[in-house]
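What follows is a set of notes on a single structure, which appears directly below.
The values are calculated or read from the model by the stated rules, or taken from the named source; none is laboratory data. Here the structure is a predicted model, which means the values were calculated and not measured. Neighbour counts are summed over all protein chains in view; Cβ atoms, including those assigned to glycine, are modelled from backbone coordinates with ideal geometry. The area values use the complete protein model at the heavy-atom level, side chains included, leaving out ligands, DNA and RNA. Shrake-Rupley method; radii C 1.70, N 1.55, O 1.52, S 1.80 Å.
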Protein chains: 4
Amino acid sequence: MSGNTLGTLFTVTSFGESHGPAIGCVVDGCPPGLALDAADIQAELDRRKPGTSRHVTQRREPDEVEILSGVFEGRTTGTPIALLIRNQDQRSKDYGNIAETFRPGHADYPYWQKYGIRDPRGGGRSSARETAVRVAAGAIARKWLQERYGIVIRGWMAQLGPIEIPFVAWEELDNPFFAPNAAIVPQLESYMDELRKSGDSIGARINVMARGVPVGWGEPVYDRLDADIAHAMMGINAVKGVEIGAGFACIAQHGSEHGDELTPDGFLSNHAGGVLGGLSTGQDVLVSMAIKPTSSIRLERRSIDKQGKPAIVSTHGRHDPCVGIRATPIAEAMLALVLIDHALRHRAQCGDVVTTTPKIDGLAPDGEQWPPSPR
Amino acid sequence: MSGNTLGTLFTVTSFGESHGPAIGCVVDGCPPGLALDAADIQAELDRRKPGTSRHVTQRREPDEVEILSGVFEGRTTGTPIALLIRNQDQRSKDYGNIAETFRPGHADYPYWQKYGIRDPRGGGRSSARETAVRVAAGAIARKWLQERYGIVIRGWMAQLGPIEIPFVAWEELDNPFFAPNAAIVPQLESYMDELRKSGDSIGARINVMARGVPVGWGEPVYDRLDADIAHAMMGINAVKGVEIGAGFACIAQHGSEHGDELTPDGFLSNHAGGVLGGLSTGQDVLVSMAIKPTSSIRLERRSIDKQGKPAIVSTHGRHDPCVGIRATPIAEAMLALVLIDHALRHRAQCGDVVTTTPKIDGLAPDGEQWPPSPR
Amino acid sequence: MSGNTLGTLFTVTSFGESHGPAIGCVVDGCPPGLALDAADIQAELDRRKPGTSRHVTQRREPDEVEILSGVFEGRTTGTPIALLIRNQDQRSKDYGNIAETFRPGHADYPYWQKYGIRDPRGGGRSSARETAVRVAAGAIARKWLQERYGIVIRGWMAQLGPIEIPFVAWEELDNPFFAPNAAIVPQLESYMDELRKSGDSIGARINVMARGVPVGWGEPVYDRLDADIAHAMMGINAVKGVEIGAGFACIAQHGSEHGDELTPDGFLSNHAGGVLGGLSTGQDVLVSMAIKPTSSIRLERRSIDKQGKPAIVSTHGRHDPCVGIRATPIAEAMLALVLIDHALRHRAQCGDVVTTTPKIDGLAPDGEQWPPSPR
Amino acid sequence: MSGNTLGTLFTVTSFGESHGPAIGCVVDGCPPGLALDAADIQAELDRRKPGTSRHVTQRREPDEVEILSGVFEGRTTGTPIALLIRNQDQRSKDYGNIAETFRPGHADYPYWQKYGIRDPRGGGRSSARETAVRVAAGAIARKWLQERYGIVIRGWMAQLGPIEIPFVAWEELDNPFFAPNAAIVPQLESYMDELRKSGDSIGARINVMARGVPVGWGEPVYDRLDADIAHAMMGINAVKGVEIGAGFACIAQHGSEHGDELTPDGFLSNHAGGVLGGLSTGQDVLVSMAIKPTSSIRLERRSIDKQGKPAIVSTHGRHDPCVGIRATPIAEAMLALVLIDHALRHRAQCGDVVTTTPKIDGLAPDGEQWPPSPR
């Protein structure tokens, strides 16, 4: 299987460079009969697109999606759905100096060593711009999951650099940070304003959850549901860590605390994060991830050039000082893509019966009422 | 691709239940000409096998491996290598009560819901016993990686429940915990003795690294080297979190701190954990993972039975009170399996040239001298 | 995907050499709940096993299968089913001279060039002995297809060297040739007796059909049902040609003859062989294949040795003078394996509804009453 | 793996309907550094495109290809190469009546049954128009195979309906039929003129060969080189039979005739068609296939409508009366795609050494001098 294809049955094959003519993907294996038009996809793309606040890259890309195939009279036909997004605001001259040197913390160096050639304009293939196609493909997945199983997938920013963001309410999420906490937004804004001035960048934590997943999705050994989620999330640019449920907190937990007790009314806690033995339990699937600080920064850093000679690198161009800010829709999309793939895999082997768990909705790992952060 | 097969080109297809006649696997895609006999594999299996100290399960399994195919006159032939390990010390009657109820925190419940049938004896397929075949397959992978590229893969326990284990020296690792710190072993032992008496279980942190990986292995988008590592590690029983390099610490880092500077003599730090843009950088690949506490404990817990009625569950049988204690060789094996797969994928697309990075060996993420823990 | 694994969802991963300790396979993706024991598989293996008549190899292999996993209390659990067949009647010394030279028409030469090493004993991995595991795996597939959809798969010998074998009746098939024509058997026997004396070998044509396949299984473009059947059949040792329905006869047909007309009572002919546009039509799936003559013959032939020097090769050992004689159960198994894989793929994407075509059963491609040969 | 992706390492993911906005594909896994521009691909597309003679469909499609990604400054970068061809001459109203009925011999019926929805305009996804993207992707494959290994791939028409076309010379191939025989072209033209008037269609035989393939490409068991070729060729619209080397003629051959003898100067014949035991032998790879007559014909035929009621179908629109006429470039492309995939698979497992066989070039299966037809 090629490295640019995600999934086993519901597959996304991605293409495109940041400053090439276009980016896009082919979505294959989509069930037929799903109502779908470009607006369904556009709505998700608009949540991720650049240039919407002063805290993200100022590149102006409308990210307008065209459906090239697989949809007839407003419904999916079961054939491949090709999605095309033309690049429109390339300023490749900004990257002239990057072509000869390697940005510290950036894919520049290993690309060059692997392929012996690379498209340096805007990061080429390694640009976070590629994540737009994940969001587009994910929009199809989440629509089907929602319509067929009632699954809802939501993400949010849980930490921006040193600032932890307590979960308050979904209703407060509508801000440039996807922070579920309106009161903290001014603090985030002034933090980012300072940061931008400094020419530096910062990391973030993103959480994402899926509610309504039936019991038993996943595979017990290598392709566990949580393993595939980890693969999908660590496969997002800049992610350096992934947790399911209690995550790293489980190290210091006893079994009598961590193991979620079960009653006829449902589980009493959710340290498992909705996955046991690689299979969904019917509880909320809870995922958390660490996003590293952007490697393209204005500050001067030591590096080498293509000849191996010392060089000082300072990146101008237009970059997100915190790639985590736009990462929430991407994380949601990736979770949707993993879930639909396992929905189809499950249906293949075990048939079309849906089993749900009696459950007390909204339990956080610690048994508190949801939705708090899964940490 | 079926859920019990790991890898794209170097594949491991695993089979077997804890109390069935045997466990084993088929390793396909192994390069021909590798010197290999059962002893090579047995050495690794012996590091993982149960019953070697009072801190692990007392099940007595010699874990003797038989090579059924793919080796002729002491060398791999390029055809599938089948490995067979007969189960010998099943005591299935210990599990009679488990067949009717679901252990909290255990795969029992979703297995039942998924398949409508399950082999409850010793956990069946969900038993950690399956990991023996990963270690066996990994032994082949690491031998080839070592011989062809000089790659060395090592893991260790970095934390046992509340006890952090400072890295002292590889030479001190030869203890039942894989703790690289001889002085701390008595503390670990008394902690485990207490725990065992209490009937409870505990989590752990395992680190693993690979030194000598050439630059450029991996795929830039979905099948990133780090994404495939995350998939492999989260696919180990009981793992709830995975980090590469700085991991979750990157959330609060600035780009000017996190991005590893590069000089003609090599990188000056390794926050990246040896992977940038999904490709290896030539630095040490650093992985850390969280292992949850065993779900099979003696303490009484609330649960339900197959009819959905309330039940009290207390697990006897023979279980590891901390599955993390035997996890180190498993994590090493999984890293070896991911690396060999990407070695072959890289060679397929880019040819057989090996590129290495000038590097200052033994740099931890914080630039201190290796080998400390990657956190 | 490794080259020794067949299928996408219902996968068979095969291992073993002719004179190694064992052959076998891992079957993954089998639906749970299927009643299965070793006798189900043994029945199919016994149809293929060597030594049952004077017209086949005299190697005495009981081909006794052991189920190592995936079955609990007589039912499949949805986990991998490992099947093991120990080799028992190796006489490797018969092959001493083959180790140094290459048999004309045999895989010896390219194996050596590919891997630089090969197991020459009995043909090693390239031996037709490997096909036993296909038959074993196929037995599981056909049982499920029969129980769930009522699909019946049957094959027969349609030609032995120059002797065409008119289809008479299924009831007459119980002879060493799988010839559906009792009257012709003496002619086949005397032909084979002559051939054996001569030290030469001969080809054959095998037909296989599946009745009761629902409409719509398959994929429209690359993984067409017929493409996957062609892959499976051409993947049987010694097959050099594959036809679906009218096969090569379609070259000289007009569209008005070839295109099967459709009425409310069903199709009026079956030139398509049950597949249109890569999808099953609900009619009988009709496949025909050409089996080349065995390359291991007693007659002296020119070849070269490992040093590239001229050599005269004459193969003794124990070989089938017509591998086609035992090929019928293998072809049936391969068709079953392709069908179950597409049954699961279809169910994944399109759900669990079964659609059947009103049909006039038993129509041959030419509209005559079935079951004649599909040519 | 999804059904619209071909290949394991060099993958082609195809999309598009006949009358949708566009067709295209994503080519992944291409080695970096290959010189490539749109003209390289256009040259192959022009060989296949419709409307170039009166014997093929009169639809006017320029089939102009746009490279959207994966190429930088005229060289492949190792990242996905997306190819886009806009549809320009749709006349969807011609197909109004097809939407309600099913053409005999056409994919209409099983599509409808499988998906419950279909795009009927011009055949939608089942249109032969999809094969343009195979030709485009194949152009990349053959360029790399030629540059790296000197492999030449050529196809030709060997039979048109009842007219066998003796191979004369490659130089005579430049005619609308790809017939390597200038003298026979007038006969082919008058045959087609008659046929077109009659409103009927006809089948054809296409041969294709690859010269210069190194020894040892392929996999010994399921993914044999010949099995993958059969999969690729049977996966072309309208193909009903595939042969390698002697093909069905091997049924009546003795082993002493069929097995190609080997001398220090090369093989003495090529009944094997360049593949033994699933691996290339270094000889010419010889493939032959049967193309059925087009199912869309003007003559009236019995069928049913979507309600299952009887209907008379007569297809107007613009169709090839013999799809075989344009099939030669498609068959060449498919062979190129299989070969490059196995080139990469071989390199992955066995390294980058190329082994060639001393050979007497141009030997037909019967030992006559090449290039005759492989039958």
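Points worth noting:
- Most fluctuating residue given options B:18, B:198, B:314, as computed from a GNM of chain B linking Cα atoms under 10 Å: B:198
- Among the listed pairs A:143/B:240; D:197/D:309; A:49/A:143; A:143/D:114, those beyond 24 Å (Cα-Cα): A:143/B:240; D:197/D:309
- A simple count of charges around residue D:326, restricted to other residues whose Cβ falls under 9 Å of its Cβ and scoring Lys, Arg +1 and Asp, Glu -1, yields +2.
- Rounded if a/c under 1.5, otherwise prolate or oblate - segment B:1-64, Cα gyration tensor axes: oblate
- Spatial offset of segment C:275-295 relative to segment A:76-150 amounts to 42 Å, using the alpha carbon center of each.
- For the pair C and D, total buried accessible area rounded to nearest 100 Å², probe 1.4 Å: 8400 Å²
- Per residue of peptide D:266-273, the mean number of Cβ atoms on other chains within 10 Å of the residue Cβ is 3.
- The residues packed around residue D:15, meaning those with a beta-carbon under 11 Å from its beta-carbon, carry a net charge of -2 if Lys and Arg are +1 and Asp and Glu are -1.
- Calculated translational diffusion coefficient of the protein assembly as shown (10 °C, 1.306 mPa s; Stokes-Einstein with Kirkwood radius over alpha-carbon pairs) equals 49 µm²/s.
- Residues of segment A:1-18 buried by at least 30 Å² on assembly (accessible area, 1.4 Å probe, chain alone as reference): A:1, A:2, A:3, A:4, A:8, A:9, A:13, A:15, A:17
- Annotation for residue C:37 and residue A:316: the two label points, set 7 Å from Cα along the Cα-Cβ direction, are 8.0 nm apart.
- Normalised per residue, the accessible area of segment C:172-301 is 22 Å², obtained with a 1.4 Å probe and no contribution from ligands, DNA or RNA.
- Nearest beta-carbon to the B/C symmetry axis - residue in chain B, distance in Å: B:13, 2
- For chain C, modelled as a GNM whose springs connect Cα atoms under 10 angstrom apart, the maximal fluctuation among C:281, C:11, C:52 occurs at C:52.
- Charge tally in the Cβ shell below 9 Å around residue D:45, where Lys, Arg are +1 and Asp, Glu are -1, residue D:45 excluded: -1
- Overall Cα dimensions of segment D:5-350, principal axis frame, Å, largest first: 65, 51, 38
- For residue D:54, inter-copy label distances in nm, listed shortest first [label point 7 Å out on the Cα-Cβ vector]: 6.7, 7.3, 9.9
- Calculated label separations, residue B:73, copies of the chain, 7 Å along the beta-carbon direction, nm: 5.0, 5.2, 6.9
- Gyration tensor (alpha-carbon) shape descriptor, segment D:107-263, a/c threshold 1.5: oblate
- Nearest-first distances (nm) between copies at residue B:314, label 7 Å from Cα via Cβ: 7.0, 8.0, 8.6
- Solvent-accessible area of segment A:5-350 (1.4 angstrom probe, protein heavy atoms only): carbon and sulfur portion equals 48 percent.
- The calculated 222 nm mean residue ellipticity attributable to helices in the protein assembly as shown amounts to -7500 deg cm²/dmol, summing -39500 (n - 2.57) over DSSP H runs of n ≥ 4 and dividing by all residues.
- Shielding by partners, peptide A:207-216 (average Cβ within 10 angstrom, other chains): 2
- Result for chain D in a Gaussian network model with C-alpha springs under 10 Å: among D:140, D:251, D:325, the largest mean-square fluctuation is at D:251.
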